[in-house]
Amino acid sequence: MKLYGYFRSSAAYRVRIALALKGLAYEYVPVHLVKGEQRSESYRALNAQQLVPTLGDERGTFTQSLAIIEYLDERHPEPPLLPKAPEARARVRAIALAIACDIHPLNNTRVLQYLTGTLGASEDAKNAWYRHWIDLGLAALEAGLASDMATGVFCHGDRVTLADLCLVPQLANARRYKIPLEAYPTLTRIDAECRKLEAFAAAAPERQPDAA
Ligand SMILES: N[C@@H](CCC(=O)N[C@@H](CS)C(=O)NCC(=O)O)C(=O)O
């Protein structure tokens, strides 16, 4: 199995956690996003969106971190990353999607580059944009998780799920941009619990071979 990723990519980080939790060996192929390697002809042949991660194995080439994680979960069910009950699966997916669809894409490298490059936004304006979307998204997640009895040690109960795989990389990104996180005690508590686990620690950006 090959994982094409970048140490700072939070989407690739989600997949690295899944692989580590499931104890799956893989070859890590760094794609340097700042140098623009995602736009090379060879990488475009693997991922037409020119985004990381991409996972390749004997069955094919897979893109989109959440689709990759569910693929891995279906092929290697232990430990499961989704609960069994349909209503619980819907809740876990909703948390994951709130991060992966509604927070992360607005703050992606290419979006920030478009703001400062094509639209001529200043660094301050870019940082205000970043902070605005992060705060809006995290505040909603905090309110939802803090008020729901289904929240446990982790986002859903006391077992790690897909939701935690999205939360931890998103908070790592927020910290990189020096976003204050005091207003999100439930999120930071869950994040700290997750990061005690070796699978999360091993998947962290600073532990990757391409870490600057
Ligand atoms: N929805 C995609 C998002 C992938 C994505 O946005 N990846 C970012 C890194 S976290 C990327 O490759 N950015 C390259 C760029 O912006 O040019 C997924 O979950 O896999």
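The values are calculated or read from the model by the stated rules, or taken from the named source; none is laboratory data. In this text the structure is predicted, and so the values were computed from the model without any measurement. Virtual Cβ from ideal backbone geometry, glycine too; neighbours counted across all protein chains shown. SASA here: full protein model, heavy atoms, side chains in, ligands and nucleic acids out. Shrake-Rupley method; radii C 1.70, N 1.55, O 1.52, S 1.80 Å.
Taking the protein heavy atoms of region 22-97 in the context of the full set of protein chains, the accessible area attributed to carbon and sulfur is 54 percent at 1.4 Å. Subtracting the Cα-Cα distance of residue 34 and residue 119 from 0.36 nm times their residue separation leaves 28.7 nm of extension gain. For region 111-212, the convex hull drawn through the C-alpha positions has a volume of 113 cubic angstrom per residue. Give the Debye-formula value of log10 I(q)/I(0) at each listed q (0.11, 0.15, 0.20, 0.23 Å⁻¹), with one equal scatterer per alpha carbon of region 1-92, two decimals each. For the requested q values the scattering log ratios are -0.32, -0.57, -0.93, -1.14.
Please return the longest stretch of the chain lacking exposed loop sites, where trypsin sites (Lys or Arg not before Pro) count only if DSSP places them in a loop and at most 11 other Cβ atoms lie within 10 Å. Excluding the exposed sites themselves, the longest stretch runs over 85-177. Length available on full extension from residue 210 to residue 50: 0.36 nm per residue minus the Cα-Cα distance, which gives 55.7 nm. The convex hull of the Cα atoms of the chain, projected and averaged over all directions, covers 11.7 nm².
Here the Karplus curve 6.51 cos²θ - 1.76 cosθ + 1.60, taken at θ = phi - 60°, turns the phi angles of region 173-184 into couplings of 4, 4, 5, 4, 8, 6, 7, x, 10, 4, 6, 10 Hz, with x standing for Gly and Pro. Pairs of Cα atoms nearer than 8 Å and 6+ residues apart set the relative contact order; for the chain it is 26 percent. Across every pair of non-identical alpha carbons in region 37-143, the mean reciprocal distance, once inverted, gives a Kirkwood radius of 16.3 Å. Comparing 169, 53, 30 in a Gaussian network model of the chain, where Cα atoms under 10 Å apart are tied by springs, the biggest mean-square fluctuation is seen for 30.
When the Cα atoms of region 1-51 are aligned to their principal axes, the ranges along those axes come out at 32, 20, 15 Å in descending order. From its DSSP helices (H runs of at least four residues, each -39,500 (n - 2.57)), the chain gives a residue-normalised ellipticity at 222 nm of -16000 deg cm²/dmol. Ordered by solvent-accessible area of protein heavy atoms (1.4 Å probe), largest first, the residues 34, 153, 15 come out as 34, 153, 15.
Looking at region 118-166, the accessible area is 50 square angstrom per residue; that uses a 1.4 Å probe and ignores ligands, DNA and RNA.
Apolar share of the accessible surface for region 106-176: 59 percent from carbon plus sulfur atoms, 1.4 Å probe.
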